[in-house]
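The values are calculated or read from the model by the stated rules, or taken from the named source; none is laboratory data. Worth saying up front: this structure is predicted, and the values here are computed from it rather than measured. Don't worry about glycine lacking a Cβ; one is built from the backbone with ideal geometry, like all the others, and counts go over all protein chains shown. Only protein heavy atoms, including side chains, enter the accessible area calculation; ligands, DNA and RNA are left aside. Shrake-Rupley method; radii C 1.70, N 1.55, O 1.52, S 1.80 Å.
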Amino acid sequence: MTPKAQLDVVLGLQWGDEGKGKIVDVLADNYEVVARFQGGPNAGHSLKFEETTFVLHSVPSGIFRENSTNIIGNGVVLDPIIFEEECRALEKMGVPVRERIKISKKAHLIIPTHKIIDAASEASKGKEKIGSTLKGIGPTYMDKTGRNGLRVGDTLSSDFKNRFETLRNKHIAFLKQFDFEYDPNSNINEWMSSVEYLKTFDLVDGEYLVNKELCNGRKVLAEGAQGSMLDVDFGSYPFVTSSTTTCSGACMGLGVSPSSIGEVFGIFKAYCTRVGSGPFPTELFDQTGETLRRQGHEFGATTGRSRRTGWLDLVALKYAIMINGVSSLIMMKADVMDNFDTIKVAVKYIVDGKETDQVPYDTYAEITPVYKEFKGWNTPLSHIRKEEDLPIEFKEYVEFIEKETGVRISVISLGPDRAETIIR
Ligand code: IMO
Ligand code: MG
């Protein structure tokens, strides 16, 4: 059978927290299937509608749409405890989670000792720590590629408890190298009970399901987590997450061919944020940075940490567009800069005294951004619904980004609510 529909991909192009939850929720109207393909509960995708905000960590952001199928793909790492909490909250809101969620048997499980290893490893790094969300993401992917992991499908085996114990014992032996105190029994009963809850869901051969949906002409939207600059290969290694956050991750994490991919939507904020350690060339340490944080509510949806803030970085953005083959850009949160007299955008870097338009290999390189300045629009944007009503200064900002990147900005989001969106 040949696919009759295509798989479109939504990706964050910066360091995560671009607003993927809101956009997937807005776009989900046009898709029958929404699928997460990588990452895990390190993600925090916020959706706001009818005055309610909901934060999703493991469940795809199509969950609130009637008749939607929401797939947790093989590339995802799943913590049964967090999954249960999230689903019970959705059930309380009347969302029929068992009808709408399908979980790939090949997705890997985060077990309690993965989280302990994450914490011990971070503590041992001192000042060099990654700033991980400590959800056990890195250690779980290590076990996956190290061929030790436990998968969702294993929960159906009569041997599951033994396999769990084997992995846990390996972790306890591994933890001996760290000077780190922990309780080896913490959360085990709770975790096992959440595994029973997980087993009440449809555990599927995700790759067959996704391809069948495409063959039946049902459009699929793949929802990325984190952002391109946190990609394990292309991000600022080692200050990255442990999965492929870029477009090719959708093929690997769902089991679809690259030829099935249609549109690649790249989401970026009109400025930049980063949470955790690692390079951030346009970071602001002044009042402007503070205003971005306050106006933009830049505090983590998963960890509550305050986010680092700075100007838009076109060098990094163009890099992300190249790696992902972005066909359509989505700009978020320009309204946060409504009261700015001047807005800056980094158009080049100076590294070792030389100008460059490339992201340097050396994560520790000292980078001085070269900025272009724009006049602020000094007008509230959030209530604007029609493109023609947008202020001229804002249009100039948008046109400049489009010209520099060579990609059209097809959606402009001017607030967290579904309604605060201009589709061009
Ligand atoms: P969403 O999907 C922002 C960051 C962490 C840390 C690094 C590694 O909401 O955009 P990890 O827990 O993966 O070991 O952390 O990656 N990070 C995120 N930053 N948004 C996210 O997800 C993130 N997921 C991980 O802060 O610097
Ligand atoms: Mg987030």
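Tabulated data for the structure shown
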read-out: Residue with peak Gaussian network fluctuation, the chain [Cα springs, cutoff 10 Å], from 250, 270, 119; value: 119
read-out: On Cα atoms only, tilt of 392-405 relative to the major axis of the chain in degrees; value: 60 degrees
read-out: Segment 381-424 - convex hull of the alpha-carbon atoms, volume per residue in Å³; value: 70 Å³
read-out: Cα gyration tensor, segment 288-364 - rounded (a/c under 1.5), prolate or oblate; value: prolate
read-out: Cα-derived Rg over Rh, computed across segment 206-258 with Rh taken as Kirkwood radius; value: 1.09
read-out: Translational diffusion coefficient (Stokes-Einstein; Kirkwood radius from C-alpha pairs) of segment 65-166 at 4 °C, 1.567 mPa s, in µm²/s; value: 85 µm²/s
read-out: Long pairs among 372/395; 48/333; 269/344; 333/395; 48/115; 127/170, criterion Cα-Cα beyond 19 Å; value: 48/115; 127/170
read-out: Zone of residue 180's modelled label, taken as backbone nitrogen in segment 133-160 under 13 Å from a point 7 Å along Cα→Cβ; value: 133-140
read-out: Inter-label distance for residue 389 and residue 295, nm, one decimal - labels placed 7 Å from Cα along Cα-to-Cβ; value: 2.0 nm
read-out: Calculated diffusion of segment 145-200, Stokes-Einstein form, Kirkwood radius summed over Cα pairs, 20 °C and 1.002 mPa s, µm²/s; value: 168 µm²/s
read-out: Accessible surface of residue 88 - all protein chains present, 1.4 Å probe, nearest 10 Å²; value: 120 Å²
read-out: Kirkwood hydrodynamic radius over Cα pairs of segment 301-415, then Stokes diffusion coefficient at 37 °C and 0.692 mPa s, in µm²/s; value: 208 µm²/s
read-out: Part-to-part distance (alpha-carbon centres) for segment 386-401 and segment 138-209, which is given in Å; value: 50 Å
read-out: Förster radius 45 Å - calculated FRET efficiency between residue 285 and residue 161 (Cβ-Cβ, nearest 0.05); value: 0.30
read-out: Length gained when the stretch residue 187-residue 423 is fully extended (0.36 nm per residue, less Cα-Cα span); value: 80.4 nm
read-out: Segment 98-138 - convex hull of the alpha-carbon atoms, volume per residue in Å³; value: 84 Å³
read-out: For the chain, built as a Gaussian network whose Cα springs stay under 10 Å, the top-fluctuating residue of 333, 395, 348; value: 395
read-out: DSSP beta bridges in the chain [antiparallel fraction, %, rounded to 5]; value: 40 percent
read-out: Per residue, in Å², the accessible surface of the chain once ligands and nucleic acids are set aside, probe 1.4 Å; value: 42 Å²
read-out: Kirkwood Rh, angstrom, segment 45-85 [1 / mean 1/r, Cα pairs]; value: 11.5 Å
read-out: Summed side-chain charge close to residue 406 - residues other than residue 406 whose Cβ falls under 15 Å, Lys, Arg +1, Asp, Glu -1; value: -1
read-out: Crossing angle, helix 80-92 versus the chain [Cα axis fit, 0-90 degrees, rounded to tens]; value: 70 degrees
read-out: For segment 9-143, convex hull of alpha carbons as volume per residue, Å³; value: 120 Å³
read-out: With eigenvalues of the C-alpha gyration tensor scaled by 5 and rooted, the chain, Å; value: 35, 26, 19
read-out: Tilt relative to the chain, helix 112-125 - C-alpha long axis, 0 to 90 degrees, to 10; value: 50 degrees
read-out: Coordinate range along principal axes, alpha carbons of segment 229-336, Å, largest first; value: 47, 28, 25
read-out: Among 221, 47, 175, residue whose mean-square fluctuation peaks in a GNM of the chain (springs only between Cα atoms under 10 Å); value: 175
read-out: Cα gyration tensor, segment 99-239 - rounded (a/c under 1.5), prolate or oblate; value: oblate
read-out: Charge tally in the Cβ shell below 11 Å around residue 12, where Lys, Arg are +1 and Asp, Glu are -1, residue 12 excluded; value: -2
read-out: Neighbour count of at most 10 Cβ within 10 Å plus DSSP loop: longest GluC sites (Glu not before Pro)-free window in the chain; value: 182-424
read-out: Cα centroid separation, segment 309-340 to segment 263-283 (Å); value: 7 Å
read-out: Cross-link pairs beyond the 23 Å C-alpha cut-off, checked among 4/199; 20/129; 135/176; 105/125; 92/161; value: 4/199; 20/129; 105/125; 92/161
